[in-house]
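Report on the structure given below.
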Amino acid sequence: MTTFRSGFVSFVGRPNVGKSTLTNALVGEKVAITSAKPQTTRRAIRGIANRESGQLILVDTPGLHRPRTLLGERLNDLVETTLGDMDVICFCIPANEKLGPGDNFINEQLSKYRRTKLVAVVTKCETVSRDRLAEQLQAVSELRDWNAVIPVSAVSGEQVVELAELLITLLPESEALYPIEMTTDESLEQRICELIREAALEGVHDELPHSIAVTIDEMGERENSNLFDIYANVWVERDSQKGIIIGKGGSRLKDVGSKSRSEIEALLGKKVFLGIRVKVSPDWQRDPKALGRLGF
């Protein structure tokens, strides 16, 4: 009889190394938003990957970084708090970038978690040649004595099944910790906010992503209708940023609404009316009260 294992696995790494994409690939559906912009993930999102031999509870943390704002400090605190409760920590390092100071900083932080099993995951392996991948695997192997080192491509699916099987072998023997039909413990409201923020992040200037937050005023089934109504706010820090989000004649905001609505409809399985307002909360990333109102 096969031993069933269940436990918590966290992905850490610099911003934009593929942690969210890998989480989604393992779960088999979109539970974490993805973007080419750094600091896309702002909460410890739990995806639940169920296999015959075990259950992986995947925690996609914000990217560890040297913070410049109160929001950045809180995100780092969230990562540290989360990692203390993990059975396995996977350090994600992209195949197409040489190891740098950010990677060394994170590797040093991992030394705090002496009871936790550590796995190095070399991501984006589809982007490099076999020789370059071999060089990166060798460089990563020399960082410390890992429980395992494995290359994966979340985009092509290469080695994703093998990664899941490897991680399960490192977990404690346990019955499933969540119902097997669950894929995330994120609330519906949180998932909808994230999908709107993902659409708002597309194509904006480098400095703007950090300034975007989303809240929902009201949502629910419309009476005597099959429509699901959602009234959301996109928050920015300055009037100039509000103009960027709205776009000329409201064109960009219309695009944000269209893209996020199609994702939300796929999530809910029903037609959605989505109303989005863009609001300004000056320097909210540095304002403790504003951070509290926006859920940080």
Handout entry: Per-residue HN-Hα couplings for region 134-144 [Karplus 6.51, -1.76, 1.60; θ = phi - 60°; Hz; x = Gly/Pro]
Key = 4, 4, 5, 4, 5, 4, 5, 4, 7, 5, 6
Handout entry: Helix 70-83 vs. the chain, principal-axis angle (Cα, 0 to 90°, nearest 10)
Key = 40 degrees
Handout entry: Fraction of antiparallel bridges per DSSP, region 121-257 only, in percent to nearest 5
Key = 80 percent
Handout entry: Fewest-first sequence of 23, 81 by Cβ atoms within 10 Å of each Cβ
Key = 81, 23
Practice task
Beyond 27 Å between alpha-carbons counts as too far, so tell me which of 19/279; 124/242; 124/254; 30/270; 254/279 fall in that bin.
Solution key: 19/279; 124/242; 124/254
Completion exercise
Listed with the fewest Cβ neighbours within 10 Å leading, 259, 30 appear as 259, 30
Fill in the blank from the handout: By the mean-Cβ-within-10 Å protection proxy, highest first, 240-250, 159-169 rank as 159-169, 240-250
Handout entry: 5 angstrom amide H check on residue 6, placed H, neighbours 5+ away
Key = 55, 174
Handout entry: Beta bridge orientation in the chain: antiparallel %, DSSP, nearest 5
Key = 35 percent
Completion exercise
Fewest-first ordering of 115, 144 by Cβ atoms within 10 Å yields 115, 144
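Values in this text are rule-based calculations from the coordinates and carry no lab data. Model, not experiment: these values are computed from the prediction. Quick reminder, even Gly has a Cβ in these numbers, built from the backbone with ideal geometry, and neighbours come from all protein chains shown.
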